[in-house]
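One structure below.
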Amino acid sequence: MNFFRNSMKYFIFLLLAASPVLVLSGCETTQSGSGMNVASVIGAAAGGVLPGPAASVARAAFAVGKTFQDITPEQEYYIGRAVAANVMGTYPPVSDEQVNRYLNLLGQTLAQASDRPETFGGYHFMMLDSQEVNAFAAPGGFILVTRGMIRLCRTEDALAAVLAHEIAHVQGQHGLRSIKTSRLTSAFTILAAEAARSYGPAQLSQLTEAFEGSIGDITTNLMNNGYSRKLECEADKGAVTILTRVGYDPGALVAMLTEMQKQVRPGGPGFGKTHPDPKDRIADLGPLVGVKSSKPASPERQQRFEEIVNGV
């Protein structure tokens with residue numbers, strides 16, 4: 001909980017640091033001497049977060065509007081960190097150094113082949129201690145995969161397909177699209193209105209409420225509602241591109257979805273609750289994957305996969 005609160009406070013600080021001459025939607029901002037005391041903002045709004053990155057952010061000027069597209073990479077990172085903390089409140093992380101190192105080696109390789117190889121805080125991959133078949137991609141590159149999902153994978157290509165799909169969600173900023181526009185409008189309106197004045201408790205309270213709501217919007221979508229078929233299709237297409245660039249079998253994604261169709265009950269917990277029917281996704285993937293779907297697994301990859309994942 002403290003981790004979530006500190007993330008939220010620091011995220012609000014990022015917005016405050018940007019706000020001296022903030023103008024809404026489509027207008028440029030320039031740095032000005034507003035007299036805002038950065039140290040006092042850190043103390044009051046950031047709750048003691050180390051000032052190193054804050055000082056750098058404070059020197060920058062942000063153009064912010066009213067949609068997810070106007071959120072900066074820094075802001076996306078702190079939103080994603082708070083969302084990941086919320087997810088891990090329900091699904092505790094597993095401190096298995098070997099498996100997490102393997103997930104990061106595989107995930108970082110795939111991320112570098114994506115259309116978004118870098119994020120503000122980098123990509124992070126971790127296993128969650130749950131038998132539920134599921135995976136989550138929080139904004140900014142936080143990718144969490146359950147034991148149940150890893151156990152469902154039979155090859156490294158299959159696990160790569162799962163990670164590539166989640167990376168494609170980050171690439172498309174799908175999580176940020178979950179934030180209600182009204183929350184962003186409210187927050188940015190407060191920032192604009194208060195640009196020439198210091199922020200009092202009432203304004204900070206309103207900002208906290210707006211951005212806590214934003215975190216809640218994304219977390220609810222990831223854990224309860226899921227993405228639309230359109231966004232899942234977009235992530236599947238992105239995954240096929242990533243897998244092909246690295247040299248993994250893009251047909252492994254179809255194989256994973258086929259396995260999920262056998263084992264996951266539509267509307268049930270985890271994947272079944274938050275994802276479209278696998279057969280619909282398989283149908284959408286057909287034209288993309290075609291005859292590539294039956295490549296034999298690499299013996300070297302398979303050996304590595306079995307040595308590390310065995311026992312998960």
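Values in this text are rule-based calculations from the coordinates and carry no lab data. Just so it is clear, the structure is predicted and the values come from calculations on it, not from any experiment. We place every Cβ from the backbone using ideal geometry, glycine too, and count neighbours over all the protein chains shown.
Ranked highest first by the average count of other Cβ atoms within 10 Å around their residues, in what order do 140-147, 298-305 fall?
Values: 140-147: 25.2, 298-305: 14.5.
Result, highest mean Cβ count within 10 Å first: 140-147, 298-305.
Put simply, when 244-255, 161-172 are sorted by average Cβ atoms within 10 angstrom per residue, most first, you get 161-172, 244-255.
Shown for 127, 223: other C-beta atoms within 10 Å of each C-beta, ranked fewest to most, produce the order 223, 127.
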